[in-house]
1. Relative contact order, percent, of the chain when contacts are C-alpha pairs under 8 Å separated by at least 6 residues?
2. Counting other Cβ atoms within 10 Å, which trypsin sites (Lys or Arg not before Pro) in the range 30-64 have at most 13 and lie in a DSSP loop?
3. Round to a whole angstrom and tell me the spacing of the C-alpha centers of the range 90-127 and the range 136-154.
4. For the chain, the longest stretch holding no chymotrypsin sites (Phe, Trp or Tyr not before Pro) located in a DSSP loop with at most 14 other Cβ atoms within 10 Å is which?
5. Roughly how many nanometres apart are two label points built 7 Å out from the Cα toward the Cβ at residue 140 and residue 72?
6. By how many nm would the segment from residue 133 to residue 57 lengthen if fully extended, with 0.36 nm per residue of separation less the alpha-carbon distance?
7. Which trypsin sites (Lys or Arg not before Pro) in the range 96-170 pass both tests, a DSSP loop state and at most 10 other beta-carbon atoms within 10 Å?
8. Order of 109, 123 from fewest to most other C-beta atoms within 10 Å?
Amino acid sequence: MTWLYFLPLSLIYSECVALKCNPNIIAAIVSVESNGNPYAIRYEERYSYILGKEEIKKFAKKNYVSEMTEMVNQKHSVGLMQIMFANMRAQGYSGQFANSFDPSVNLKHGITFFNNLLNKYNHLDDAVSSYNQGSPRRNRNGDYSNKRYVDKVMVRYKFLDSLKPYWENM
């Protein structure tokens, strides 16, 4: 349970209230994705859902970086929620790569992305699975192909949900 101490719970709570999302599921995702580290970063070499050439060119020019730098940046998962930078761009984030680590900016885009998945799939487990792997893919036995991730998030979510009075004190 030490993972709980590293989370910026008051910030998660305020961003979730503003974006109408359950803070328990977002806190659980943040704990698994980054352990509360706002500077977490990971290059996803195989990630292929970057924006088109014209969009890349536009963002590169706006942020004074090369097109190659913009394209490589979009293949990184960043910040508290480890949201793909390309997904932030797709949501309209036009700022610099370095600013995507700002906890408020990162949470806003991560929560918005998660809410979109929840609306698309209408099932919490499917949205959690999709947040991690793009869609809720399942193995032949019916388990999510990222079962360990989904299980870890859901265990933490249920634990936090049992502490609901905690959020009432914020």
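No lab work stands behind these numbers, since they all come straight from the coordinates. These numbers come from a predicted model, not from an experiment. Don't worry about glycine lacking a Cβ; one is built from the backbone with ideal geometry, like all the others, and counts go over all protein chains shown.
1. Numbers: 209 pairs, mean separation 37.7, N = 170.
Relative contact order here is 22 percent.
2. Working: sites: 42, 46, 53, 57, 58, 61, 62; in loops: 46.
Sparse-neighbourhood loop trypsin sites (Lys or Arg not before Pro): 46.
3. Here the two parts' Cα centres lie 21 Å apart.
4. Numbers: sites that count: 39, 49, 64.
That would be 65-170.
5. The modelled label-to-label distance comes out at 4.1 nm.
6. Numbers: separation 76, 0.36 × 76 = 27.36 nm, distance 2.67 nm.
Gain on extension, residue 133 to residue 57, equals 24.7 nm.
7. Those satisfying the criteria are 140.
8. 123, 109
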